[in-house]
1. Please give the net charge around PHE79, taking every other residue with its beta carbon less than 10 angstrom from that of PHE79, where Lys and Arg add +1 and Asp and Glu add -1.
2. Give the average over all directions of the projected area of the C-alpha convex hull of segment 173-249, one decimal, in nm².
3. Leaving out same-chain residues fewer than 8 places away, which lysines sit with a Cα under 16 Å from that of LYS216?
4. About its Cα centre, how strong a charge dipole does segment 194-273 have in debye, to the nearest 20, once Lys and Arg get +1 and Asp and Glu get -1 at the Cβ?
5. Mind pulling the per residue volume of the convex hull built on the Cα atoms of segment 135-190? Å³ is fine.
6. Please tell me which of these pairs span more than 24 angstrom C-alpha to C-alpha: LYS89/LYS201; LYS99/LYS239; LYS46/LYS239?
7. Using only the Cα atoms of segment 56-108, construct the convex hull and provide its projected area averaged over every direction, in square nanometres to one decimal.
8. Nearest 20 debye, what's the magnitude of the dipole of segment 93-198 about its Cα centre given +1 on Lys and Arg Cβ and -1 on Asp and Glu Cβ?
Amino acid sequence: MGKPGFLMSLKNGTRCEVRPFFLLISMAIGLQNLAGCAYAQQPSPKFRVIAIAEKGGIHKPFVDAAKVWLAREAVTDGFAIDYIEDTNKIDDAFLAQYKLFIQLNFPPYAWTPTAMSAFQRYIEEGRGGWIGFHHATLLGEFDSYPMWPWFSGFMGGIRFTKYIPTFVTGTVHVEDPGHPVMKNLPDHFVIENEEWYTYDKSPRSNVHVLASVDEKSYSPSTDIKMGDHPVVWTNQHVKARNVYIFMGHHGELFQNSAFTTLFHNSILWAAQL
């Protein structure tokens, strides 16, 4: 019977018994035994998330910051996340692996026909949840691609018209504080330096609005307005739990506690936890 060892606490809270002789060996080979002990103790993820993210351009800082934040969130909430940068892999079998689909600024065009059909079934039949940000409502004819009518309907029947290229700060007002996505949010919060899109009409008659921006609060003031201006909503006419969050241009949003609370709540609600 060997000499008694001692307990060592690892970063994830796991406690492993380490005997002196084996400690020396572990130190010599880079503590691989301890790493293996920690790895063996990791629980299986509660669910899996797929995020489709723009791979470059002006939204890359937002996507990069989102990946850092999501890595921490995955540990906290016990999920695993994978990333893709185009729709080539998307079909029914691919989506069946995931409880939640996150659209990190990827637009509703340049999708393969197979991906479009599979995604539509995923949403309409409630095969998983969805969270879309910012660029997900860039609906119209862009980059030689036609409008995706189904996605426009999913977003409330809207078409993109303009955006504020100079960026302005605005106050967002919560309209449904009882909705799980709005949990722990104040009745209003400020979003700085956003390029607030306008659409050909408000989606309000076709979706359930959770929050809207007060265009009178824009600083500096601008003439690019649409009147009734929802910025967070869910479409209750499909089976999938879904949330559209307009904000999503700058990586600095992940330093805004209201935004990260909104994102956190949306993940747990859309994944039906």
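1. Combined, the nearby Lys, Arg, Asp and Glu give +1.
2. 5.6 nm²
3. In chain and number order, the partners are LYS225.
4. Roughly 420 debye for segment 194-273.
5. 113 Å³
6. In this structure, LYS89/LYS201 exceed 24 Å between Cα atoms.
7. 4.2 nm²
8. 340 debye
The values are calculated or read from the model by the stated rules, or taken from the named source; none is laboratory data. If you're wondering where the values come from, they're calculated on a predicted model, not measured in any experiment. FYI the Cβ positions are ideal-geometry reconstructions off the backbone, even for glycines, and counts take in every protein chain you see. Heavy atoms of the whole protein, side chains included, go into the accessibility calculation; ligands, DNA and RNA do not. Shrake-Rupley method; radii C 1.70, N 1.55, O 1.52, S 1.80 Å.
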